[in-house]
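See structure below.
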Amino acid sequence: MKKLNLLFTLFLITTGLIAQDKVLKVWTDGAPNHNGMNELEEKYDGVRVRNVSEAEMYVYLPEKDNNTGAAVVICPGGGYMIEAMDHEGYDIAEWLKSKGIAGIVLKYRLPYGHHEIPSGDARQTMRIVRKNAKDWGIDANKIGIAGSSAGGHLATTVGTQFDTGKKESTNLIEQISCRPDFMLLLYPVISFNEEFGHMGSRKNLIGEGNKWDLVEKYSNELQVTPQTPPTFLVLADDDKNVLPRNSVEFYLKLKENNVPAEMHIFQKGGHGFGIRKNNLPADQWPDLFFDWMKAMKIVE
């Protein structure tokens, strides 16, 4: 039965990724740490993945005659408990590809008590994309990161806590910058503040209890600096799962630090709308994001 379940999972993964161009392991020589899962425990139902033991990246490259040179690493959400791979991952990558932008969906390892693992996977992915930029038709200075919900928390962790390359490292890929050039945030978790932060994501990432050093470290509105990348935020006023104040506080900190930013708060959309067509005002966000990219000279 386990073998049949594994075969079915592989079938779903294969059919769900039919349009991708490359599948790469994030850690080709093995990750430097482990989250306690193994590959047989991973589960995928065609929409959500859980028990992720190995990080992978799914690369969607645009046609050469449509290529803008821009790229986006995409972090699906799911409260650091699951990952919503379809409408917050593959579907966004497909849309980006249609616009001439490379979309790289990251299946990051879930933490399971190891808070450093998801952001470590995302930083390594940023380095890998830059390393391969020329071969993939990507401008190494136009690589952004996107995230939905807890994936937005992951994206802002990388966007506020990065290095521009560890020049002293003997590992060549560590010498490459992991700083995103811009960010796309959909109804993001930003803060672990008890007043308006998302306690489910906090518990799943750093565990229970009042670990104030980690609460501060991962309250990303507190980590914004003038070096934080330009940011495009999308959320709905009626989001009851992740309070809009998460985005508002982050936007205000960006402005305090003179970081270019644009924020759209739609009247209706709730939480988790992704890139699906729900006949809601929030469906407009992809075209608005593309217009912002043109205004920022990320695409022509």
Every residue from segment 103-132 that is more than 15 Å from the chain's Cα centre (by Cα) and either surrounded by 24 or more Cβ atoms within 10 Å (Cβ to Cβ) or without any contact (Cβ under 8 Å) to a residue 24 or more places away in the chain (or both) = 132
Which members of segment 70-102 meet the condition of being crowded, with 21+ Cβ neighbours inside 10 Å and farther than 25 Å from residue 218 by Cα?
-> 70, 71, 90, 92, 93, 96, 97, 101, 102
For residue 99: the one exception among (1) over 21 Å from residue 181 (Cβ atoms); (2) in contact with a helix residue (DSSP H, G or I) (Cβ under 8 Å, 6 or more places away or on another chain); (3) among the charged types (D, E, K, R) = (1)
Evaluate segment 54-72: report whether one residue or more is of a type in the set (Val, Ile, Thr) and either farther than 28 Å from residue 137 by Cβ or at pLDDT below 95 (or both).
-> no
Scan (1) within 28 Å of residue 298 (Cα to Cα); (2) in contact (Cβ under 8 Å) with a residue 24 or more places away in the chain; (3) surrounded by fewer than 18 Cβ atoms within 10 Å (Cβ to Cβ) for the single condition residue 231 breaks and write down its number.
-> (3)
Filter result (among the β-branched types (Val, Ile, Thr) and without any contact (Cβ under 8 Å) to a residue 60 or more places away in the chain) within segment 244-285 | 248, 259, 265
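Here is a yes/no grid of residues against (1) of a type in the set (A, V, I, L, M, F, W, C); (2) within 19 Å of residue 59 (Cα to Cα):
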residue	(1), (2)
136	yes, yes
167	no, no
181	no, yes
187	no, no
190	yes, no
Sole residue being in a loop (DSSP other than H, G, I, E, B) and acidic (Asp, Glu), chosen from 238, 291, 283 = 238
Cβ pairs under 6 Å, 6+ apart, first in segment 137-164 and on the phi > 0 side of the Ramachandran plot and surrounded by fewer than 24 Cβ atoms within 10 Å (Cβ to Cβ), second at pLDDT 95 or above and not in a helix (DSSP H, G or I) = 137/67
Filtering segment 47-74 down to residues that are within 14 Å of residue 107 (Cβ to Cβ) and either part of a loop (DSSP other than H, G, I, E, B) or touching a Cys at 6+ places or on another chain (Cβ under 8 Å) (or both) yields 47, 51, 52, 53, 54, 55
Failed condition for residue 173, given (1) in a loop (DSSP other than H, G, I, E, B); (2) in contact with a Lys or Arg (Cβ under 7 Å, 6 or more places away or on another chain); (3) of a type outside the set (D, E, K, R); (4) more than 26 Å from residue 259 (Cβ to Cβ) = (1)
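The values are calculated or read from the model by the stated rules, or taken from the named source; none is laboratory data. Just so it is clear, the structure is predicted and the values come from calculations on it, not from any experiment. Every residue, glycine among them, receives a Cβ derived from its backbone with ideal geometry; neighbour counts consider all protein chains shown.
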